[in-house]
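J.: Sharing a structure, written as structure tokens. Questions coming.
Read the figures in this text as sums done on the coordinates, not as results from a lab. Since the model is a prediction, treat every value here as computed from it, not as a measurement. Every residue, glycine among them, receives a Cβ derived from its backbone with ideal geometry; neighbour counts consider all protein chains shown.
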Ligand code: GLN
């Protein structure tokens, strides 16, 4: 299908609360990489109290424990709806705090366990120290295999069942600093600890998500045209192997 005839609906979940370390750069990347190809983007910002309608792609950023508490209640109110969106093939990307809420629960240091929405078979408990630094990881989902970013979390995430690791860290801690896994995915739901923000420095993964969302909407695989990613690729290369 000609790209100029394509449309994609993208929802940004709770950006007023979960937008740590410029995670909004992920939404800007997704929107721009569609618009530069002539793909029309229906964009919706979802805030506390808003109904969550059907979309092809949902994004949620990271945040401090307090903001996560407010968002967790809202997400839980929409759990069944979002689970059915997942099972219909919708694409989800969650960064750090948002990723943690994609699991069954997040248990912070000094507050009650926050219920997650179980899009991923995973759970998170607060660790004794914060993981803060550059991360290089390797995934088998895209080429090049490297994913780069910056982590800043105390939560330790453990994945189980059919949920698979997004990548394996070569530098940094990732999910918990023990199993060497970074992030997770199940069906078209993806979570990662990589801030930075993530997608501008990993445009191959951004296009991977857009192609998955287009396939969900149109029921066929659609290969995106190439963009001039010289600057983005330089930014990516500059971070590969960067010391923690
Ligand atoms: N509050 C969570 C933690 O510290 C998530 C932090 C974040 O989103 N960067 O693990």
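J.: Could you give log10 I(q)/I(0) at q = 0.19 Å⁻¹ for segment 156-237, computed by the Debye formula over C-alpha point scatterers of equal weight, without solvent?
T.: -0.96
J.: Based on the Cβ-Cβ distance of residue 53 and residue 243, what FRET efficiency does E = 1/(1 + (r/R0)^6) give at R0 = 51 Å, to the nearest 0.05?
T.: So the FRET efficiency works out to roughly 0.70.
J.: Want the number for residue 112 to residue 160: 0.36 nm per residue separation, take away the alpha-carbon distance, what's left? Write out the running numbers ahead of the final one.
T.: Numbers: separation 48, 0.36 × 48 = 17.28 nm, distance 2.26 nm.
Difference between extended and current length: 15.0 nm.
J.: What is the Cα convex hull volume of segment 140-197 when expressed per residue in Å³?
T.: About 89 Å³ per residue, rounded to a whole number.
J.: So, R0 is 35 Å and r is the distance between the beta-carbons of residue 129 and residue 80; what FRET efficiency does that work out to, to 0.05?
T.: 0.45
J.: Which whole-number value in Å³ per residue fits the convex hull of the alpha carbons of segment 1-146?
T.: 136
J.: How fast does segment 1-81 diffuse by Stokes-Einstein, in µm²/s, taking the Kirkwood radius from C-alpha pairs at 10 °C and 1.306 mPa s?
T.: 117
J.: Ok, one more. Please state the shape class of segment 198-244: rounded when a/c is under 1.5, otherwise prolate if a/b exceeds b/c and oblate if not, all from the C-alpha gyration tensor.
T.: Verdict is prolate for segment 198-244.
J.: Enter the Cα centre distance for the pair segment 164-180 and segment 35-52, rounded to the nearest angstrom.
T.: Spelled out, the Cα-based centre of one part sits 31 Å from the other.
J.: Something else about it: Order of 228, 87 from fewest to most other C-beta atoms within 10 Å?
T.: 228, 87
J.: Averaged over every viewing direction, what's the projected area of the C-alpha convex hull for segment 101-244? Give it in nm², one decimal, please.
T.: It is 9.1 nm².
J.: Turning to a different aspect of this structure: So for the chain, what are the equivalent ellipsoid semi-axes in whole Å, largest first, each being the square root of 5 times an eigenvalue of the Cα gyration tensor?
T.: 26, 22, 15
J.: How do 232, 3 line up, fewest other C-beta atoms within 10 Å first?
T.: 3, 232
J.: Another question about this same structure. In nm, to one decimal, how far is the modelled label at residue 64 from the one at residue 4, with both set 7 Å along Cα→Cβ?
T.: Label at residue 64, label at residue 4, 4.9 nm between them.
J.: Right, another one. Sort 214-227, 6-19, 155-168 by packing, meaning the average of other beta carbons within 10 Å per residue, with the highest value first.
T.: Descending packing order for the listed peptides: 6-19, 155-168, 214-227.
J.: Also: What spacing in nm lies between the two simple spin-label points modelled at residue 16 and residue 73, each 7 Å away from Cα in the Cβ direction?
T.: For residue 16 paired with residue 73, the spin-label model returns 1.5 nm.
J.: So, one more: Considering the chain as a Gaussian network with a 10 Å cut-off on Cα pairs, which listed residue, 181, 43, 198, attains the greatest mean-square fluctuation?
T.: 43
J.: For every helix of n ≥ 4 consecutive DSSP H residues, a contribution of -39,500 (n - 2.57) applies; sum these over the chain, divide by its total residues, and give [θ] at 222 nm rounded to the nearest 500 deg cm²/dmol. Spell out each step's value before the answer.
T.: Details: 6 runs with 65 residues, N = 244.
Helices in the chain give a 222 nm mean residue ellipticity of -8000 deg cm²/dmol.
J.: Sorted from fewest to most neighbouring beta carbons within 10 Å, what does the list 244, 193 look like?
T.: In order of increasing Cβ crowding within 10 Å: 244, 193.
J.: Take the Cβ-Cβ distance between residue 225 and residue 141 as r, set R0 to 25 Å, and report the resulting FRET efficiency rounded to the nearest 0.05.
T.: Working: r = 20 Å, r/R0 = 0.81.
It comes to 0.80.
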